[in-house]
Amino acid sequence: MTDDLHLETNRANWDDRVAGHLVAYDTDGFAADASRISSVVRDDLPLMAPHLPNGSVDGLSLAHLQCHIGTDTLSFARLGARVTGIDFSGEAVAAARALAERAGLEASFVQSTVAEASVAVTEKFDIVYTSIGVLVWLDDLTAWARSIRALLKPGGLFYIRENHPMVMTLDPDRTDGLLVVRDPYFHSTEPKLYVGEYSYIGDAKLTATSQYEWQHPLSEIIGALLGAGLAIEAFGEQDTLQWHHLNGMVPEGDNWVLPEGRDRVPMTFSIAARG
């Protein structure tokens with residue numbers, strides 16, 4: 001399990017991101033536009049649809065792990081799901097509750113770590129959902145997968161789309177167009193410390209600038225889910241990324257792609273699994 005130093009350092013970092021992310025994600029516009037759903041959910045829906053009754057979340061209960069400020073969670077509420085967002089940041093949970101009220105949406109938001117989620121939330125769900133940039137914050141994927149299994153109803157669906165661990169090994173600072181492996185692919189018990197004054201989105205400066213991240217290969221991710229008793233129904237890999245990770249990437253709608261040779265490396269992966 002993550003020790004207190006790593007957990008509290010990361011919690012402070014994510015608490016600090018909230019104010020800037022409320023602006024960067026245009027939550028005022030999100031609250032005002034009853035038809036808006038996040039680009040993350042819009043991209044995930046076609047991948048989730050084959051595993052959903054009638055291809056829709058309408059009328060289903062959904063738990064969103066590591067929900068941050070709630071834009072993705074509340075997007076599912078707009079699509080008819082009964083949603084519960086779970087996040088370890090108290091600032092994020094408070095912001096998500098306020099956003100739900102401003103948007104006139106019914107939703108529950110609970111502060112909890114992933115490992116303790118099934119204790120903090122006793123309800124069982126039709127869907128457990130998580131997406132984009134979440135696994136690097138977890139040191140123990142066995143506990144993650146057990147929480148997912150504990151939160152699911154029998155036969156319920158787990159879905160994740162996430163940054164591909166292969167693309168996360170590549171040197172993001174190259175300017176010559178080469179894709180060069182810089183960082184280890186396989187998991188290390190010791191996290192990597194990053195220090196930066198800015199988040200991945202927006203221009204608000206951070207005061208809590210340190211964060212710890214863990215790399216997880218696909219074998220560890222899939223193995224944790226299988227070990228917790230989930231049955232994998234689908235696995236996919238995609239060639240777009242939600243954020244500008246590598247030099248030379250260009251925007252494509254709300255995503256980023258390599259303009260040449262985009263077939264050289266996967267950017268994200270997706271898993272649908274059944275409890």
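In the range 25-36, what residues are of a type in the set (A, V, I, L, M, F, W, C) and open to solvent by less than 40 Å² (accessible area, probe 1.4 Å)?
30, 31
Mind listing just one residue for me: the one in the range 108-151 that is in a loop (DSSP other than H, G, I, E, B) and hydroxyl-bearing (Ser, Thr, Tyr) and, of those, nearest to residue 167 (Cα to Cα)?
Looking at the filtered set, the residue picked out is 113.
Would you be able to say whether some residue in the range 98-119 is at positive phi and open to solvent by 50 Å² or more (accessible area, probe 1.4 Å)?
The answer is yes, given that some residue of the range 98-119 is at positive phi and open to solvent by 50 Å² or more (accessible area, probe 1.4 Å).
Is there any pair with a first residue in the range 25-43 that is aromatic (Phe, Trp, Tyr) and a second that is open to solvent by 70 Å² or more (accessible area, probe 1.4 Å) whose Cβ atoms are under 8 Å apart and which are 6 or more apart or on different chains, and what are they?
Every condition considered, the pairs that remain are 30/36.
Are any residues in the range 169-195 within 19 Å of residue 9 (Cβ to Cβ), touching a strand residue (DSSP E or B) at 6+ places or on another chain (Cβ under 8 Å) and without any contact (Cβ under 8 Å) to a residue 60 or more places away in the chain, and if so, which ones?
192, 193, 194, 195
For the range 66-93, enumerate the residues that are open to solvent by 30 Å² or more (accessible area, probe 1.4 Å) and without any contact (Cβ under 8 Å) to a residue 60 or more places away in the chain.
78, 79, 82
Test residue 63 against the stated conditions and say whether it is under 18 Å from residue 129 (Cα atoms), without any contact (Cβ under 8 Å) to a residue 60 or more places away in the chain and not β-branched (Val, Ile, Thr).
Taking the combined requirement at face value, the residue does not satisfy it.
For the range 37-65, give me the residue count where each residue is of a type in the set (Asp, Glu) and either surrounded by fewer than 18 Cβ atoms within 10 Å (Cβ to Cβ) or closer than 25 Å to residue 110 by Cβ (or both).
Going through the range 37-65 one residue at a time, the tally reaches 2.
Filter the range 222-234 down to residues that are without any contact (Cβ under 8 Å) to a residue 60 or more places away in the chain and crowded, with 17+ Cβ neighbours inside 10 Å, then give me how many there are.
Of the residues in that region, 1 qualify.
May I ask you to list the residues in the range 177-221 that are surrounded by 13 or more Cβ atoms within 10 Å (Cβ to Cβ) and among the hydroxyl-bearing types (Ser, Thr, Tyr)?
185, 198, 199, 200, 209, 210, 212
Please pick out the residue among 260, 237, 252 that is within 25 Å of residue 149 (Cβ to Cβ), among the charged types (D, E, K, R) and either at pLDDT 95 or above or surrounded by fewer than 16 Cβ atoms within 10 Å (Cβ to Cβ) (or both).
Result of the check over 260, 237, 252: 237.
The values are calculated or read from the model by the stated rules, or taken from the named source; none is laboratory data. Values in this document were obtained by computation on a predicted structure and should not be read as measured data. Don't worry about glycine lacking a Cβ; one is built from the backbone with ideal geometry, like all the others, and counts go over all protein chains shown. Ligands, DNA and RNA are stripped out before the accessible areas are found, and what is left, the full protein with its side chains, is counted by its heavy atoms. Shrake-Rupley method; radii C 1.70, N 1.55, O 1.52, S 1.80 Å.
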